[in-house]
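Since every read-out is calculated from the coordinates, none of them should be taken as a lab result. Just so you know, these numbers come straight off a predicted model, no measurement behind them. Here the Cβ is made from the backbone with ideal geometry for all residues, glycine too, and neighbour counts use every protein chain on show.
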Amino acid sequence: MKNKTKTEPLCPHSGFSFVELLIVIALVCILGGFAVVGIRSAQTGMYANKSMHQVVDQLRRGRQLAVGNRRAVEIRFPTDDTFQLVQLNIPNGETVLNTLVLTNGCRFTLFGGVPDSPDFFGNSSPVDFGGVTPLVFLSDGSLIDNQGNPVNGSVFLGIAGHPETARAVTILGSTGRIRGYRWAGSQWVH
């Protein structure tokens, strides 16, 4: 008969020490903290992007409604976080088509040190159309002032206290072209 021998472990003290486990847990906590900070920073950028896309979409919607319905559509900015599309009815009256309220702390605002958008339509105020009102999309898609002249302009927005969330939306009056830009720390990116 063969002798059955009991096999011994190669190392009688295998496993992790308490100190090694504490070091691993500390490293995981530190890396987790960095991830949370990175996610919060990215989250504010996502909120600003969402608001910029909402403004771009609403402007495009207003232009499309003016073209499609053959009716003038006015754009209004009644507060620092509200945007409206208003159809101008002939001979008088108006119909509010949509009211957009920016969310997550986004506002129409300017940030110090952030220059004008690449289209250079102005940045003397968060909603800069050269001080003219009303701003109206016509059935040909152009954006005009009260004298019937095409008007270019910029809308700046972001979250107060977070210049990295600076966003700009520009409108070329003669064609109604609408573009959105994101501030990348040193330049505007389309």
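Taking G32, G153, G141 in turn, the Gaussian network model of the chain (Cα-Cα springs below 10 Å) assigns the largest fluctuation to G32. Label positions at N149 and N123, each projected 7 Å from the Cα along the C-beta direction, are separated by 2.4 nm.
Loop sites here are trypsin sites (Lys or Arg not before Pro) outside DSSP states H, G, I, E and B with no more than 12 other Cβ atoms within 10 Å. The longest part of the chain free of them is 71-190. Against the empirical curve 2.2 N^0.38 Å, the C-alpha radius of gyration of segment 1-153 lands at a ratio of 2.05. Put a plus charge on the Cβ of each Lys and Arg, a minus charge on the Cβ of each Asp and Glu, and nothing anywhere else: the dipole of the chain about its Cα centre is then about 880 debye.
Subtracting the Cα-Cα distance of A160 and R61 from 0.36 nm times their residue separation leaves 32.9 nm of extension gain. Counted residue by residue at 0.36 nm each, then reduced by the alpha carbon distance between them, the extension gain from S139 to I90 reaches 16.3 nm. Full extension of the segment from S17 to F34, taken as 0.36 nm per residue of separation minus the current Cα-Cα distance, would add 3.5 nm. Between the alpha-carbon centres of segment 159-190 and segment 45-113 there is a gap of 15 Å. Can you tell me the 0 to 90 degree angle between the C-alpha axis of helix 18-69 and the longest principal axis of the chain, rounded to 10? Approximately 20 degrees, to the nearest ten.
Looking at the square roots a ≥ b ≥ c of the eigenvalues of the Cα gyration tensor of segment 56-136, which shape do they give, rounded for a/c under 1.5, prolate if a/b is larger than b/c, or oblate?
Details: a/c = 2.19, a/b = 1.75, b/c = 1.25.
It is prolate, given that a/c is not under 1.5 and a/b is the larger ratio.
On the beta carbon distance between T79 and A42, with R0 = 25 Å, the FRET formula returns roughly 0.35.
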